[in-house]
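Just below is one structure, and these are the notes that go with it.
The values are calculated or read from the model by the stated rules, or taken from the named source; none is laboratory data. Being a predicted model, the structure only gives us computed values, none of them experimental. Cβ sites come from the backbone with ideal geometry, for glycine too, and all protein chains shown count toward neighbours.
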């Protein structure tokens, strides 16, 4: 079994890309946004979502994949807390590939409006700043690229 982590700012296309990769690779997909929302771990307190909430989301995700028979598991989330990413990587048993999706913040704001516009412009900016502090894995620029092109780029990087 191997793992693919798709990370980046809100509106960059993480879930869209993860869904397409899931079909192409016959993988199992877990969205951290869904886990956080469903378990009410995405509540902002003070300066943001508490770090411990991201670790709880990791534990839920790790528990979900225990009995998965698929060869590939794809995670998507912002992963802007280094502690969350480190914890997840430490607890995954198998090869891990991290892809950081990038696009200009203006493009992320436009994409957010198209998808449902569930985040404010300020929230998009805040998450953008947090995810841009550190780069992890392979950087994939999604700006002005088709979904197929981005997916192909990721698969090419997996092959290398």
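Based on this model, can you work out whether residue 56 counts as more than 13 Å from the chain's Cα centre (by Cα) and either assigned to a strand (DSSP E or B) or surrounded by 13 or more Cβ atoms within 10 Å (Cβ to Cβ) (or both)? Judged against the criteria, residue 56 is a match. Residue 114 fulfils the conditions (1) under 24 Å from residue 151 (Cβ atoms); (2) touching a residue at least 40 places away in the same chain (Cβ under 8 Å) except for a single criterion, (2). Of the residues making up region 133-145, those that are closer than 20 Å to residue 16 by Cβ and either at pLDDT below 90 or not in a loop (DSSP other than H, G, I, E, B) (or both) are 138, 139, 140, 141. Mind checking which residues of region 131-146 are in contact (Cβ under 8 Å) with a residue 60 or more places away in the chain and either loosely packed, with under 14 Cβ neighbours inside 10 Å or over 24 Å from residue 2 (Cα atoms) (or both)? Matches in region 131-146: 132 only. Identify all residues within region 60-85 that are in a helix (DSSP H, G or I) and surrounded by 14 or more Cβ atoms within 10 Å (Cβ to Cβ); write none if there are none. Scanning region 60-85 gives 60, 61, 62, 84, 85. Comparison of 82, 38 shows that the only residue that is out of contact with any helix residue (DSSP H, G or I) (no Cβ under 8 Å at 6 or more places or on another chain), under 22 Å from residue 139 (Cβ atoms) and without any contact (Cβ under 8 Å) to a residue 60 or more places away in the chain is 82. Could you tell me whether region 112-130 includes any residue that is under 14 Å from residue 11 (Cβ atoms), modelled with pLDDT under 95, in contact with a strand residue (DSSP E or B) (Cβ under 9 Å, 6 or more places away or on another chain) and surrounded by fewer than 19 Cβ atoms within 10 Å (Cβ to Cβ)? The answer is yes; a qualifying residue exists. Within region 88-110, if we keep just the residues that are touching a helix residue (DSSP H, G or I) at 6+ places or on another chain (Cβ under 9 Å) and either modelled with pLDDT under 90 or more than 27 Å from residue 160 (Cβ to Cβ) (or both), the residue that is surrounded by the most Cβ atoms within 10 Å (Cβ to Cβ) turns out to be 108.
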